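First up is the structure itself, then whatever we jot down about it.
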Amino acid sequence: MSRRWTAAVTALLAAFALACEGSDGGGGGQPDPPAAPPGVPDSIAALGDSITAGFGSCLVLAACQRNSWSTGDSSRVESLYRRLREVNPAIRGKAHNQAVNGARASALATQAGGAVRARVDYVTVLVGANDACRGGIEDMTSVSTFRADVDRGLATLKKGLPKARVLVVSIPNLHRIWEIGHEDTRAVRAWRGRICPALLANPTSTEPADRTRRSTFRARIDAYNEQLAAACKAYGSRCRYDGGAAHRVRFGLDLLNRLDYFHPNAAGQKELAEVTWRASGLASQARRAA
């Protein structure tokens, strides 16, 4: 091949390459990622305990984060994360679950530190069940200590993520689990001496002491929820309380896993996702962005 012909071919190929690079805006062949719709988060973190960790929802008594109502990726649950991803693909892969089995409100600040390090712009908080589910009434976290622990966790978020939005979720109605399960032999067998004894010890007893213990437990959960609402209000405009939506979920045995008859199964997680999605205000934002 002559030198003149070789030079002509080289020049032609170079011109073609430049034309291809310029045809999509100069991104090296990769289109620019879509901008996040206004008001829709592009990252999320979940703080809390075994409920948010999806404990028991995958047919074993262990955490199963893919079924988390907040950050899970399971199509069976349709978590807040999955719902947000439908209108904002930029959130894909940016869901961080910091929830830990057995965590009490005292762990909230540490979990919040994880959310800060992840630099998320939306955080869900569901905590308090383990503060009440202790060995006995005398072991439950006091209301004042619970509030101080929650305030400490929220302060960590506010300092580290001042522009992030926070959803504080009410503690589900655990007393209802006793109401629907104490006459079911399978549930009673599962609870025996192992699960939330402050509520579920002697589940079939009608003795005054046991009735008093259960009513005291129920009142403590109500008091915790009042403090969660107050702490969120004190946080400011970037915090939203669910208004008791999660607490109003009427759990039946069909929404609990069949291993401990206490934690939500995938269907129960889906119900929590549904009510918190509506209460969060994200649903209306997603509709506007769609």
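Each residue in segment 224-273 was checked for being over 30 Å from Val188 (Cα atoms) and aromatic (Phe, Trp, Tyr), and 2 of them qualify. Scanning segment 106-128 for residues that are at positive phi and either surrounded by fewer than 16 Cβ atoms within 10 Å (Cβ to Cβ) or out of contact with any Ser or Thr (no Cβ under 9 Å at 6 or more places or on another chain) (or both) gives a single hit, Arg119. Of all the residues in segment 92-151, those that are of a type in the set (A, V, I, L, M, F, W, C), more than 19 Å from Phe55 (Cβ to Cβ) and either in contact with a helix residue (DSSP H, G or I) (Cβ under 6 Å, 6 or more places away or on another chain) or modelled with pLDDT under 95 (or both) number 9.
Being among the charged types (D, E, K, R), crowded, with 24+ Cβ neighbours inside 10 Å and over 15 Å from the mean Cα position of the chain (by Cα) is a description that applies to Asp131. Scanning segment 95-126 for residues that are of a type in the set (Lys, Arg) and either under 15 Å from the mean Cα position of the chain (by Cα) or assigned to a loop (DSSP other than H, G, I, E, B) (or both) yields Arg104, Arg119. How many residues are of a type in the set (Gly, Ala, Ser) and without any contact (Cβ under 8 Å) to a residue 12 or more places away in the chain when one looks only at segment 80-106? Selection size over segment 80-106: 1. From the list Leu167, Leu199, Leu228, the lone residue that is more than 19 Å from the chain's Cα centre (by Cα) and under 18 Å from His247 (Cα atoms) is Leu199. Of all residues in segment 260-281, none satisfies being assigned to a helix (DSSP H, G or I), at pLDDT below 95, out of contact with any strand residue (DSSP E or B) (no Cβ under 9 Å at 6 or more places or on another chain) and within 25 Å of Asn88 (Cα to Cα).
No other residue among Arg152, Arg220, Arg147, Arg214 is assigned to a helix (DSSP H, G or I), surrounded by fewer than 20 Cβ atoms within 10 Å (Cβ to Cβ), touching a residue at least 12 places away in the same chain (Cβ under 8 Å) and not hydroxyl-bearing (Ser, Thr, Tyr) apart from Arg152. Scanning segment 177-199 for residues that are surrounded by 16 or more Cβ atoms within 10 Å (Cβ to Cβ), out of contact with any strand residue (DSSP E or B) (no Cβ under 9 Å at 6 or more places or on another chain) and either in contact (Cβ under 8 Å) with a residue 40 or more places away in the chain or of a type in the set (Ser, Thr, Tyr) (or both) yields Ala190, Trp191, Ile195, Cys196, Pro197, Ala198, Leu199.
The values are calculated or read from the model by the stated rules, or taken from the named source; none is laboratory data. These numbers were taken from a predicted model, which means no experiment stands behind them. Every residue, glycine as well, gets a Cβ built from its backbone with ideal geometry; the counts of neighbours run over all protein chains shown.
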